């Protein structure tokens, strides 16, 4: 059953606001951005909004009260955010607002989410005048926030190059991160990602494939462990049969990757997840062995 959002103040219906979101620089469609964008290039996103005549009545506020269009762009991978706001004004009887958000091209990676909201006084209906208004209430927000995709999703493991210092990560040459909310049905590209630290001189070699073999063996072992640890958290919510069913139906899902990892370790998925939960050090040993870690140095 879909969730229904409830707010403690009056809100207009979705149709009460018409919004247009577009790229101003580069001036291309959202789906074409990965083909023209280069790392370091700034982007400008333009957002315009207009209100229907019944917006004010349904929201229970007067046209003399402050109302703002607020736009924010968030890059979760780089842990950065940009926000701009502008008041609504009337022109030829139509209330509207327009804002541009400039995104620092050197501080983004993977994708960014665009959030658009109309912010103003929310009428709570409380008999106490002091509690009758919710200041800076989100009276309306864009139902399906568009994304800025900075890269095409291919067959390679999802990988991004970012500065760990600027994004407040530990000082490591790379890290495997999983989306905390990701469940077994999520696609691999959304659920897990390899981040390479551009603060290290070795980053370029890691990315272009010229680093030492043991580097890639270590990364592979880290990926094995991270995938199984993430899935192990769902052992009590998904039976083995349910996970195996997902593997068959969703070959690009996180659990399908987990099944392949378990197979590479010489285990079935259920046993691999048990190791991840109960014996993580043994799992790491199995992952290193399966990845052939330092095998080229074996006598």
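Any read-out appearing in this document is the output of simple, stated calculations on the displayed coordinates, not a laboratory observation. Small disclaimer: the values here were computed from a predicted structure and weren't measured. Don't worry about glycine lacking a Cβ; one is built from the backbone with ideal geometry, like all the others, and counts go over all protein chains shown.
Kindly give Rg over Rh for the chain, based on alpha-carbon atoms, with the Kirkwood expression for the hydrodynamic radius.
1.08
If you fit an axis through the alpha-carbon atoms of helix 280-290 and take the longest principal axis of the Cα set of the chain, what angle between them do you get, 0 to 90°, nearest 10?
70 degrees
Once label points are set 7 Å from the Cα along Cα→Cβ at both residue 282 and residue 179, what is their separation, rounded to one decimal in nm?
Distance between label points: 3.3 nm.
So if each residue of separation counts as 0.36 nm, and I subtract the Cα-Cα distance between residue 89 and residue 190, what length gain in nm does that give?
Numbers: separation 101, 0.36 × 101 = 36.36 nm, distance 3.93 nm.
Net length gain for the segment: 32.4 nm.
What distance in nm separates the two pseudo spin-label positions at residue 249 and residue 202, each 7 Å out from Cα along the beta-carbon direction?
4.2 nm
How far apart, in nm, are the 7 Å Cα→Cβ label points at residue 161 and residue 240?
4.4 nm
Taking a point 7 angstrom from the Cα of residue 274 along the C-beta vector, which residues in region 223-244 have backbone N less than 13 Å away?
Inside the label zone: 240.
Which order do the peptides 42-52, 107-117 take when ranked by the mean count of other beta-carbon atoms within 10 Å per residue, highest first?
By packing density, highest mean first, the sequence is 107-117, 42-52.
On a 0 to 90° scale, report how tilted helix 269-278 is relative to the longest principal axis of the chain, with both axes built from alpha carbons and the result rounded to the nearest 10.
That works out to roughly 80 degrees.
Compute the angle between helix 240-249 and the longest alpha-carbon principal axis of the chain, please, reported from 0 to 90 degrees and rounded to the nearest 10.
So the helix axis and the longest Cα principal axis differ by about 80 degrees.
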